[in-house]
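A.B. asks: My structure is below; once you've seen it, I'll send some questions.
The values are calculated or read from the model by the stated rules, or taken from the named source; none is laboratory data. Everything numeric here is computed off the predicted structure, so don't read it as measured data. Don't worry about glycine lacking a Cβ; one is built from the backbone with ideal geometry, like all the others, and counts go over all protein chains shown. What goes into the accessible areas is simple: the full protein's heavy atoms, side chains included, and nothing from ligands, DNA or RNA. Shrake-Rupley method; radii C 1.70, N 1.55, O 1.52, S 1.80 Å.
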Amino acid sequence: MKTTLSRFIAVLLLVVPGFMATAGFLFMKDAIFYYIADHGNELVANPAFEWMKFIGGLLLFAIGAGFIGGWVFFRDRKRNYVAPRFRKKKPRPADRPIRRGNGQAQ
């Protein structure tokens with residue numbers, strides 16, 4: 001029972017940011033669409049862009065996509081699936097001197 005509940009919570013931790021990113025994308029899409037559609041409407045003399053809706057959607061999208069991307073990166077880094085430049089740096093042993101290319105110790 002405990003593993004079932006913990007797996008359900010883990011799925012929710014990924015689903016909620018996914019819904020946030022989806023909603024943010026839809027808010028941005030709607031703001032752009034309504035602005036373009038108002039240009040074709042003869043009743044609207046000066047169409048206005050919905051900046052607050054667009055910026056709110058951008059924030060929701062960035063937070064949701066960033067959380068999911070960070071989670072995938074952390075998981076891949078833990079399993080050593082990432083490129084060498086993204087792997088954790090191993091600390092140098094303190095007892096070995098650092099050698100330069102000419103073979104002299106520093």
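A.B. asks: Run down the lysines and flag those whose C-alpha is under 22 Å from the C-alpha of Lys78, throwing out any fewer than 8 positions away in its chain.
C.D. replies: By straight Cα distance, Lys78 reaches Lys88, Lys89, Lys90.
A.B. asks: For every other residue with a beta carbon closer than 14 angstrom to the beta carbon of Ile32, add +1 if it is Lys or Arg and -1 if Asp or Glu, then tell me the sum.
C.D. replies: Overall, the nearby charge balance is -1.
A.B. asks: Right, here's the next one. Would you tally the net charge around Arg77, using a Cβ to Cβ cut-off of less than 10 Å, leaving Arg77 out, and scoring K and R as +1, D and E as -1? Mind dumping the intermediate values first?
C.D. replies: On the way: positive: Arg75, Lys78, Arg79, Arg87, Lys88; negative: Asp76.
Every neighbour counted, the sum reads +4.
A.B. asks: If you don't mind, another one. Which of the following values of volume of the Cα convex hull per residue in Å³ was calculated from the structure shown: (1) 88; (2) 101; (3) 234?
C.D. replies: (3)
A.B. asks: Taking only Cα atoms, what is the 0 to 90° angle, nearest 10, from helix 51-78's long axis to the longest principal axis of the chain?
C.D. replies: With both axes taken from Cα atoms, the answer is about 30 degrees.
A.B. asks: By a straight-distance test (C-alpha under 27 Å), which lysines pair with Lys29 as possible cross-link partners, with residues fewer than eight away in the same chain excluded?
C.D. replies: Hits, sequence-local ones excluded: Lys53.
A.B. asks: Quick one: accessible area per residue over the chain, 1.4 Å probe, rounded to a whole number of Å²?
C.D. replies: Result: 87 Å² of accessible area for each residue.
A.B. asks: Using a Förster distance of 25 angstrom, determine the FRET efficiency expected from the C-beta separation of Phe49 and Thr22, and round it to 0.05.
C.D. replies: For R0 = 25 Å, the calculated efficiency reads 0.70.
A.B. asks: Using a Förster radius of 30 Å, what is the FRET efficiency between Tyr34 and Leu14 based on their Cβ-Cβ separation? Nearest 0.05, please.
C.D. replies: 0.45
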